[in-house]
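Peer 1: The structure follows.
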Amino acid sequence: VTVVANVVPNPHFDRDFSTITTTVHALFMGAVCDNKGIFDLLEVIGKNKDSFNRHLIIHIAGSGDIERCKNLIAEFGIEDIVKYEGWLTGGEKRLMLEKCSLFILPSYVEVLPMSVLEAMSFSMAVISTTVGGIPEVVNDGISGLLVRPGDKESLCACIMRLVSKPHLMHQMGLEGQKIAKNYFPQTIEAKLENIYKRICV
């Protein structure tokens, strides 16, 4: 059996880390539902909003249970920290990937999320969970940080760690981009060519 990975487009993007601001822009991109852990994330931010205020802005891009999402944002009083951006495609999606330097996906169930690979291709550090194929691409402590699904205390600690250490976050982003290159079209194309050559012999 030969496994050929999904392809993530090469964004041809080099993040400029020369200017480090005091506010980190983070991105959640995916279905707005329990399985993706988005409501865990909102709870974590809500219970620690005084620590994150003025230091973190989380952009939520996706579709699903939007009313519940918006209601929790209002209930926790975190409108200044969490922004719902809707479902993004094309140029809007690219602009958001360029704007954010941290990707957060606290999922309970996954295979290998394309969103994680996309984020890594844009040199974003990743905070995610130890489910599915995520640990195969996110090296804990090197290209991102991994927690057990549902572990809100660890999720909070990971976010605080990277928000307070932007240089570490940026270094993880660069390491992640190196991994993402293994999923760029030219790399997968070469693997496919080798497979065809073997079966045609």
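Peer 1: For K178, give me every one of the aspartates and glutamates with a C-alpha distance below 18 angstrom, ignoring sequence neighbours fewer than eight places off in its own chain.
Peer 2: D14, D16, E98, E118, E136, D140, E189
Peer 1: Contact order normalised by length for region 1-105, with contacts defined as Cα pairs under 8 Å and 6 or more residues apart; what percent is it?
Peer 2: Normalised by residue count, the contact order of region 1-105 is 36 percent.
Peer 1: Next question. Please give me the summed charge of the neighbours of K191: other residues whose Cβ is under 15 Å from its Cβ, Lys and Arg +1, Asp and Glu -1.
Peer 2: Around K191, the surrounding residues sum to +1.
Peer 1: I would also like to ask the following. With viscosity set to 1.306 mPa s at 10 °C, what whole-number translational diffusion coefficient in µm²/s follows for region 107-201 from Stokes-Einstein and a Kirkwood radius over Cα pairs?
Peer 2: Rounded to a whole number, D works out at 111 µm²/s.
Peer 1: Report the net charge of residues surrounding N71, where surrounding means a beta-carbon distance below 14 angstrom and charges are Lys +1, Arg +1, Asp -1, Glu -1.
Peer 2: Net local charge, N71 excluded: -3.
Peer 1: Defining a contact as two alpha carbons under 8 Å apart and six or more residues distant in sequence, what relative contact order in percent does region 73-182 show?
Peer 2: 27 percent
Peer 1: Over all alpha-carbon pairs of region 83-127, lay out the pair-distance distribution in 10 Å bins, whole %, shortest bin first.
Peer 2: Taking every Cα pair in region 83-127, the percentages come to 25, 56, 18.
Peer 1: Cβ neighbours within 10 Å, averaged per peptide: list 125-136, 88-99 in order, most packed at the top.
Peer 2: Top of the packing list down: 125-136, 88-99.
Peer 1: Where the centroid of each part is defined by its Cα atoms, how far is region 149-170 from region 40-60 in Å?
Peer 2: 11 Å
Peer 1: Test of understanding: express the Cα radius of gyration of the chain as a ratio to 2.2 N^0.38 Å, with N the residue count.
Peer 2: Here the Cα radius of gyration is 1.05 times the empirical estimate.
Peer 1: Using every Cα-Cα pair within region 151-194, state what percent have a distance larger than 17 Å.
Peer 2: 55 percent
Each value in this text was obtained by applying a stated rule to the coordinates, not by laboratory testing. Predicted, not measured: the structure shown is a model, and the values here were computed from it. Cβ coordinates were reconstructed from backbone atoms using ideal geometry, including for glycine residues, and neighbour counts include every protein chain displayed.
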